[in-house]
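Working notes, structure below.
What follows draws every value from the coordinates through simple rules; no lab data is involved. Since this is a predicted model, take the numbers as computed values, not measurements. No Cβ is skipped: glycine too gets one built from the backbone with ideal geometry, and neighbour counts run over all protein chains shown.
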Amino acid sequence: MESATSAVAGASRPGIMRIGVTTAVFAAAGALLAIGLLLAFWWAPTDASAMGFSQKIFYYHAPIAETALLSFGIAFVAGILYLRRQDARYDRLGVAAVRLGLLFSGLVMATGMIWGKAAWGVFWAWEPRLTTFLIACLLYAGYFVLRGTVEEESRRATYSALFAIIAFVDVPITFFATRLLPEGLHPVVIRPGSSGMDHRDFIAFMLSMAGMTLLLVGMLRIEIGIEALREELQYLKNRLGR
Amino acid sequence: MRLGLRQYRAMVRKDIIAELRTKEMVVSMFLFVVLAMIVFHYAFTARGSVRMSLLTGGMLWVVFLFGALLGLNRSFVHEKDEGCLDGLLLCPVDRVTIFLSKMTANLVFLALIQLLAVPVFLLFFSTADVVAHLPALIVLVIVADLGIVTLGTLLATISMNTRSRDLLLPILFLPLIIPLLIAVASGTAKVFNGEAGLASLLGVLVFLVVYDAVFLVLAYGTYDFAIGE
């Protein structure tokens, strides 16, 4: 991957610098995630409620969920910026962010189902947060279907930006709507006022959060690079075709 | 402003006249809606009788959503194929006026279908005294319809400009409309179970109004980009 970037991009792009930064981001993310998990298992107290040991997945599950939402948020901002400035860079950022948001949403549901099986005895419950992520997944999957059906580049970018904006506005509305219905299984961990966590839990959780966010940043950088390469490839293919 | 209003009226009139000439959209929407009810009936009563009143709130809106999709898909296909849209875009008309008129026409068609279909639905499925709760039902329907056509018109504009056209609209529309469906289905279920006055529906109504407002503002802000040049 790295050699491919510099080979196609040529000397004019600051390829080497960028790979350096990305590597550093990944290293930091890995270290933080590892420390966070170690602390979660060996330092933070085991949950006192009925969930007990299975609560440990929280240190993984919740940061992934925040990261997925953050990623969709980035796509939302990129969408607004694209509509205002019509700059292809924001389109690339938007695609990369939606793709990663989708990936992380999938992981949210996977870890959520594992936790659900351990804590509630069932893999799937129609529970507000889990359901919201399912709907978000389907919604953002539609984003890629939309992209696939528009050929002209600027129109594709405009529609993608538009849809990323609409979708991101819809996610909190969906969450709120699922709350209109009775019954909810999710523990409310962080309430306004008290953090609801031991300070050891809190530190382990925050380290995992920071690690996961950095992981997203690193992956975004790579994804944007891939997207640029893809465009370049398409351009070269088109030239060869003629 | 006066001019915008006149343009808006002219465009709504154009859509309604065009539909009245063939009536193909309204007729197929209505037939679809009634057929869907029959399909539902047999899908749910396959194992003997069940208390349908528990399901009717959701059923009614599933039927309307899919019926609305049918109409929304048609609403731009004509314009595009006959070159009418190009004409409209060449006119010195605000894009938002085009959106509002298209939305209004879609709303009129959807409301017409509902006016015809709700009595049929009640005849088929309801045992409750709905007449007493009719005002509540009407308010619910109006507020929900507004959300459906706002979002639907915006997305239909986008999907008409893509290669897959009518294939794309449901995929974009349905996940976005789920919050509205949740709210309006639970509200309608209350009405059909005879437990709802306007007061107990307040939460649902407020939610629906907020939903409508959010997507109206979004459509207002982005329609220029959606309809293209």
Practice task
Give the range of the longest stretch in chain B that excludes all trypsin sites (Lys or Arg not before Pro) found in loop regions by DSSP and having at most 11 other beta-carbon atoms within 10 Å.
Solution key: B:52-162
Handout entry: Hydrodynamic radius of segment B:72-183 per Kirkwood, over alpha carbon pairs, in Å
Key = 15.8 Å
Problem - Per-selection Rg to Rh, segment B:138-228 - Cα, Kirkwood hydrodynamic radius - result: 1.06
Exercise for the section: Only helical DSSP H runs with n ≥ 4 go in: add -39500 (n - 2.57) per run for chain B, normalise by residue count and round the 222 nm mean residue ellipticity to 500 deg cm²/dmol. Expected result: -28000 deg cm²/dmol
Practice task
Excluding residues on the same chain fewer than 8 positions from A:Lys117, give the lysines whose Cα lies under 29 Å from its Cα.
Solution key: A:Lys56
Exercise for the section: Give me the lysines in straight-line cross-link reach of B:Lys23: C-alpha distance below 27 Å, same-chain residues under 8 apart excluded. Expected result: B:Lys14, B:Lys80, B:Lys102
Completion exercise
Residues A:Leu207, B:Leu122 in order from fewest to most other beta-carbon atoms within 10 Å are B:Leu122, A:Leu207
Problem - Neighbour-count order for A:Glu232, B:Glu79, fewest beta carbons within 10 angstrom listed first - result: A:Glu232, B:Glu79
Practice task
Return one quarter of the surface area of the convex hull spanned by the alpha-carbon atoms of segment A:79-152, equal to its mean projected area, in nm².
Solution key: 5.7 nm²
Exercise for the section: Give, in whole angstrom and from largest to smallest, the semi-axes √(5λ) of the equivalent ellipsoid of the protein assembly as shown, with λ running over the eigenvalues of the Cα gyration tensor. Expected result: 42, 34, 17
Practice task
Would you please report the Å³ per residue occupied by the convex hull of the alpha carbon atoms in chain B?
Solution key: 128 Å³
Handout entry: Sequence of B:Val184, B:Val143, B:Val39 once ranked by neighbouring C-beta atoms within 10 Å, starting from the fewest
Key = B:Val39, B:Val143, B:Val184
Problem - Where only C-alpha atoms are counted, convex hull volume of segment B:58-119 per residue in Å³ - result: 75 Å³
